[in-house]
Amino acid sequence: MRTSKTLTTKTSRWLVCLLAIASSAHAESLTRGKIIDPVATLSDDNNETYALYLPSNYATERLWPILFVLDPRSQGLAAAELFREGAERFGYILVSSNSTRSDILPEDDPNPAAMVALLQDAMTRFAADDQRVYLAGFSGTARYAWSVGFGLRGQIAGVIGCGGALPGPFKQWRDVDFAFFGAAGELDFNHREMWLLDEDLDATQIAHRFEFFPGGHQWAPPEVLTEALAWMDVRAMQSGTRDRQPELISELFDAGATAARDLETQGEPHAAHKRWQQLAQDFEGLHDIGLARTEVTRLGKMEAIRQQHAAILVAARREADYRHHLDAVLTNVTNSSPLPPSKAVLARLKIPQLLEKAKQESLDGRSAQRQLQIAFVNIASYRTRALMRSKDYRRAILMLEIAEAIKPEHWRPKISLATVYALSGKKSKAITALEQAVAVGYSNLDYIEQSTELASIRSTKDYQRIVEQLHAHLPDS
């Protein structure tokens, strides 16, 4: 998976200087308590825009923490919506980029320019607290957010990373001083790397916390992101960059204690033990942590915790081994001649066994689901894109047939098949694949009507029929 390059040394130094003078916020009449999108930067030197949220009680007489949200698909408004509830409750300015991306070629990387433009605009335009600058990213932009914090050491207070860990090996990227809140879906194909990062951070002095939620490779839901901002507030009160509020401290501690008890009741003693440990660390010096320490000691004696931790470690190793196996099989397929049948490749990838095991409601079942996600994303996205760039359409079609077998109801391999068939002159098959993609929910009319890859089928009656059907089902039609 490609990730965005880190900030250059020159850019890092420039931003440090910028943050040092950020107290000169401009008074400006902007709507409070509502997301505004798009907001253009005031500079004429760039074309950057972002979605902006100012808390309903925002005023320039005081300084406010600021969160820069870096969505990997340039969907600033959608990402800002996920953070809005927490931003209102805890008083954060939200600046959510409409330019950031992930999974792109280095020469096309918009992230450094977007980050510079957003920092320059927001830190001088709003009453932002330069001691409480936060970043949030998902997948590739989570890695990029870590790299920005690494490059701007001492200037970033915290990073929220969903579904993506570090830009490289831990030992090369561990020299950071920001607080880190990580989150990942239970079925995220990056679940393992997030869990291992948590294990690595446990051996450091870096303040950190992890939450796993139901779901796959996606931004965490609003309630988890609200909790992330609450946690950042606790860390700020502990470090002295935010005024202490005893009532809020007690409320957040009690909520954490309740969550820890619930985890134990639900048969998750390992997660409960972890939560009590986090409460003891996060609230030291802020609240009486005697209860948390007592629970850490009690649960730490349970054999079930050691067994559960061992089982999680086994699952993580299994997923790592599968990644290596997947890469070896797909590399062989890419180089083999003649092409093997898709059924043979599916067998070598152990897809039938994984599909069966994935039906189980267990740790092994969730692990199998993650392995299937790993296979699907690698095949349907990364491998297929590489083959299409080299115009190896026969192998691209094989990859997409395998991806379809893994997820028959997913639109991605079907729309990609439509594209590959159109590029290789197989118009009838392209139309069939496009119909199938639409039938399972694909509705991106902009791509269908503007993509140069589908140009060869646009003059057909069947294509026009599909587009007319989609237009008829648009919300504003």
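In this rough spin-label picture, where each label sits 7 Å from Cα along the Cβ direction, the D130-A310 distance is 5.4 nm. The range 252-303 and the range 370-445 have Cα centres lying 46 Å from one another. Annotation: lysines with alpha-carbon distance below 27 angstrom to K301 (same-chain offsets under eight excluded): K274.
Under the definition of Cα pairs under 8 Å and six or more residues apart, what whole-number percent is the relative contact order of the chain?
Relative contact order of the chain: 9 percent.
According to the square roots a ≥ b ≥ c of the eigenvalues of the Cα gyration tensor, what is the shape class of the range 158-276, taking rounded for a/c under 1.5, prolate for a/b larger than b/c otherwise, and oblate for the remainder? Oblate is the answer for the range 158-276, as a/c is 1.5 or above yet b/c matches or exceeds a/b. Distance between the C-alpha centres of the range 112-152 and the range 166-220: 19 Å, rounded to the whole angstrom. Which shape class applies to the range 9-243: rounded if a/c is under 1.5, otherwise prolate when a/b exceeds b/c and oblate if not, where a ≥ b ≥ c are the square roots of the Cα gyration tensor eigenvalues? Note, shape of the range 9-243 comes out rounded. The helix-based estimate of mean residue ellipticity at 222 nm for the chain, built from -39,500 (n - 2.57) per DSSP H run of four or more residues and divided by its residue count, is -17000 deg cm²/dmol to the nearest 500. The label-point distance for R62 and S239, in a model that sets each label 7 Å from Cα toward Cβ, rounds to 2.0 nm. Would you please state which residues of the range 268-293 a label at S250 would reach in this model, taking the label point 7 Å out along Cα→Cβ and a backbone N cut-off of under 13 Å? In the range 268-293, the label zone of S250 (backbone N under 13 Å from the point 7 Å along Cα→Cβ) covers 287-288. The long axis of helix 393-406 is offset from the longest Cα principal axis of the chain by roughly 60 degrees. Taking a straight line from the alpha carbon of K357, these lysines sit under 19 Å away, with near neighbours fewer than eight places off in the same chain left out: K343, K407. As a rough guide to protection, the peptides 237-246, 115-124 ranked by mean Cβ packing within 10 Å, highest first, stand as 115-124, 237-246. Shown here for the range 280-313: GluC sites (Glu not before Pro) in loop regions (DSSP other than H, G, I, E, B) with at most 15 other Cβ atoms within 10 Å, namely E284.
Of all lysines in the structure, not one has an alpha carbon short of 28 Å from that of K34, not counting any fewer than 8 places away in one chain. Taking Cα atoms, how many degrees apart are the long axis of helix 411-423 and the longest axis of the chain, rounded to 10 and kept between 0 and 90? Relative to the chain, helix 411-423 is tipped by roughly 50 degrees. Counting only alpha carbon atoms, the long axis of helix 269-282 and the longest principal axis of the chain meet at about 40°. Please say if the range 410-477 is rounded, prolate or oblate, where rounded means a/c under 1.5 for a ≥ b ≥ c the square roots of the C-alpha gyration tensor eigenvalues, and otherwise the choice is prolate for a/b larger than b/c and oblate otherwise? Prolate.
Values quoted throughout were computed directly from the atomic coordinates according to the rules given, and no laboratory measurement underlies them. Computed from a prediction, not measured in an experiment: that's the story for all the values here. A quick note on method: Cβ atoms are made from the backbone with ideal geometry, for glycine too, and the neighbour counts reach across all protein chains shown.
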